[in-house]
Amino acid sequence: MNKEFKTIKTEIRLPYELAYGATWTRFFEGMSNQILYGSKCEKCNRVLVPARTFCPRCFIDTKEWVEVPQQGTLTAWSYVNYRYFGQPTTPPFIGALIRLDGTDVDFVHLLGGFDLSDFEKVRKIVKNGMRVEAVWANERKAHIMDIRYFKPLA
Amino acid sequence: MGKAVAIIGVGQTNHGRRMDVSYPDLVREAVLRVYEETGLSPNDVDGVVSGTMPSMMEGVALTHFYFADAMASAGKPILKTETCGSTGVSLAHTAYYWISSGMADLVLAVGHEKMTEGDSQATMTTVVEPWYQRYFIAGAPGVFSMQSQMWSVRYGLDEKKVRDAAAYISVTHHDSAFDNPYAHVKIRVTAEDVKNARVITYPVRLLDVCPNSDGACAVIFASEEMVKKLGLKKVAWVKGLGYRGEEYFFGDSDKAVWQSAVQAAKQAYDMAGIKDPRKELDVAEVYNPFTFQEMLFYECFGFCGLGEAPDLVLQGTFGRKGELPCDPSGGTLCTNPIGATGLIRTAEAALQVMEKAGDHQIPGAKLAFSHAMGGVDQFNGVMIVGSER
Ligand SMILES: [Zn+2]
């Protein structure tokens, strides 16, 4: 039974305006000045980045702001080579978990600064545990893409 | 501890690309089958719980209202349970809590998804944190690729061995799907096919990943009194359940030894009195949308030691004739209508201990494990069922 049945094409588009709140407003203002802010929990002593209003484990307000180093170590990466509707970043790209120096959680961003077109070449460059450094955009908008990507350190 | 609860019947749709039916008609297909299987009717049921992935998947919000007619739930208490990929196991948990509390004797649980109608990866990306992470986390494969790397790097696993073990899992699950009349992807693949398939997100290739499926699963849960009243002999008793979540930010918690998976299983084992899962369990339906991740789960669930899974996979320990057969249904790798998938795991576990699994029956199965995970590597749920009260 290969009968074709009718379908309808439809679409939902909704506008949103999301509030950053005080903590993340300050974090993103920091980014526009090439500063990465984390927050230190006084109970578990972890440095969380991006900065948080509260420590999700201890459930207490974090009061101490720390400027986080812009170099770190690659925990894991993902070479993304497929597309979907509304994808904010154009593939191929490499999503990465990066442990910035002096922090206790992984920061999510892109790897870049080298040719991404050929996966086999990428695989020779990118290694778990390698050192990486933030590369800032010339024009910054208090946005996560104020960092263009993290580049491998030779 | 609450009152004893049993699964008394299962209904599944023929999963796949189902553009021959509307979404409500698809849901009703599973509901009709569970009533046909049990000989019960909607009038007999005290309550209905249903669940999906995010509503953006099909573009209709609050699907438990949408399916009120398809589930024949008018005039009854209705609940929705939604925990992303683990929705299905959470549905089983909800039905369990409802009956175990003594508030109901018969509950219908329905999981459903029609993934081919929308854009599944775009939908899943809406689950991700919007300011910091959505730009970099590309749907499910991106996240689970990173997790599989964390795991293999943690234990210094040989890349080729892990690759071979993943291919072994893919080949055997695709073979098993042929024995499951409801499975979606039915193709014969070789290890070479798997290893040479197109890279989706390294190291995950096309045949390491589940499909987008349309499907629904309906399961009826009953109290002990109702099992006796109906005179049922072959039912699947709920022996244990566990559920855990983690922090929201991807990067805040370790995913190589995945604590929500470890702790959810431990809670279920403690309740079921299981000390050595590999010996005591007869079969497991592990939620396995990615071959690599399945191995990580074996370790988190204590089926083997940390870092041991690839060796044991290659020895056939988790194959159909192995010590602990995993996913004899072909699993999530071959069929993934997400909101239904976790409930399908529990349903398949129940079918095994009721000796109703047909061509993929594990002979003599008495104790079966089912599992689902969800979120951006955030949630894990387990339900263990057995043939003995
Ligand atoms: Zn803390």
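Some points to look at:
- Averaged over its residues, segment B:113-213 has an accessible area of 35 Å² per residue, based on protein heavy atoms and a 1.4 Å probe.
- Peptides A:109-118, A:7-16, B:225-234, B:317-326 ordered by average Cβ neighbours within 10 Å, highest first: B:317-326, A:109-118, B:225-234, A:7-16
- Normalised convex hull volume, chain B, alpha-carbon set, Å³ per residue: 121 Å³
- Using a cut-off of 24 Å between Cα atoms, the listed pairs B:3/B:80; A:3/B:114; A:43/B:266; A:124/B:186; A:151/B:160 include A:43/B:266; A:124/B:186; A:151/B:160 as exceeding that distance.
- Alpha-carbon Rg/Rh ratio, for segment B:298-357, with Rh computed the Kirkwood way: 1.01
- Per-residue Karplus couplings for segment B:21-37, computed as 6.51 cos²θ - 1.76 cosθ + 1.60 with θ equal to phi - 60°, are listed in order as 10, 6, 4, x, 5, 5, 4, 5, 4, 5, 5, 4, 5, 6, 6, 5, 5 Hz, Gly and Pro entered as x.
- Compared with the direct C-alpha span, the chain from residue A:90 to residue A:26 gains 20.2 nm at full extension, assuming 0.36 nm per residue.
- Remark: mean inter-chain Cβ contacts per residue of A:90-97 equal 4, using a 10 Å Cβ-Cβ cutoff to other protein chain atoms.
- The C-alpha atoms of chain B define a longest principal axis, and helix B:139-154 lies at about 60 degrees to it.
- Ordering B:232, B:291, B:13 by Cα displacement along the dipole of the protein assembly as shown toward the positive end leaves B:291 in first place; charges were set at the Cβ atoms of Lys, Arg (+1) and Asp, Glu (-1).
- In this structure residue A:60 has an accessible area near 50 Å², from a 1.4 Å probe over the protein heavy atoms.
- Calculated on the alpha-carbon coordinates, the convex hull of segment B:230-352 measures out at 132 cubic angstrom per residue.
- Relative to the dominant Cα principal axis of chain B, helix B:259-272 is inclined by about 40°.
- Between residue B:192 and residue B:160, residue separation times 0.36 nm minus the direct Cα-Cα distance comes to 10.3 nm.
- Chain B packed on chain A takes about 3500 Å² of accessible surface away from a 1.4 Å probe, both sides summed.
- Placing unit charges on the Cβ atoms only, positive for Lys and Arg and negative for Asp and Glu, gives chain A a dipole magnitude near 440 debye about its Cα centre.
- Rg/Rh, computed from the Cα trace of segment A:21-152 with Rh as the Kirkwood radius, has the value 1.00.
- Protein accessible area in chain B, 1.4 Å probe - carbon and sulfur %: 52 percent
- A Cβ-based charge dipole, computed about the Cα centre of the protein assembly as shown with Lys and Arg at +1 and Asp and Glu at -1, lands at about 320 debye.
- Residue-wise HN-Hα coupling along segment B:347-356, computed from phi with Karplus coefficients 6.51, -1.76, 1.60 (Hz; x: Gly, Pro): 4, 5, 4, 5, 4, 4, 6, 8, 6, 10
- Rounded Å value of the spacing that divides the Cα centres of segment A:51-108 and segment B:112-160: 14 Å
- In nm, spacing of pseudo-spin labels at residue B:389 and residue B:126 (7 Å Cα→C-beta vector): 4.6 nm
- Under 5 Å between amide hydrogens, built in the peptide plane, is the criterion, and for residue B:235 it picks out nothing among residues at least 5 positions away or on other chains.
- Calculated on the alpha-carbon coordinates, the convex hull of segment B:150-281 measures out at 196 cubic angstrom per residue.
- A quarter of the convex hull surface defined by the alpha-carbon atoms of the protein assembly as shown gives 25.3 nm² as the mean projection.
- Considering only alpha-carbon pairs that sit under 8 angstrom and 6 or more positions apart, the relative contact order computed for segment A:1-123 is 18 percent.
The values are calculated or read from the model by the stated rules, or taken from the named source; none is laboratory data. Nothing here was measured: the structure is a model prediction, and the numbers come from that model. Please note: Cβ atoms are built from the backbone with ideal geometry, for glycine as well, and neighbour counts cover all protein chains shown. Heavy atoms of the whole protein, side chains included, go into the accessibility calculation; ligands, DNA and RNA do not. Shrake-Rupley method; radii C 1.70, N 1.55, O 1.52, S 1.80 Å.
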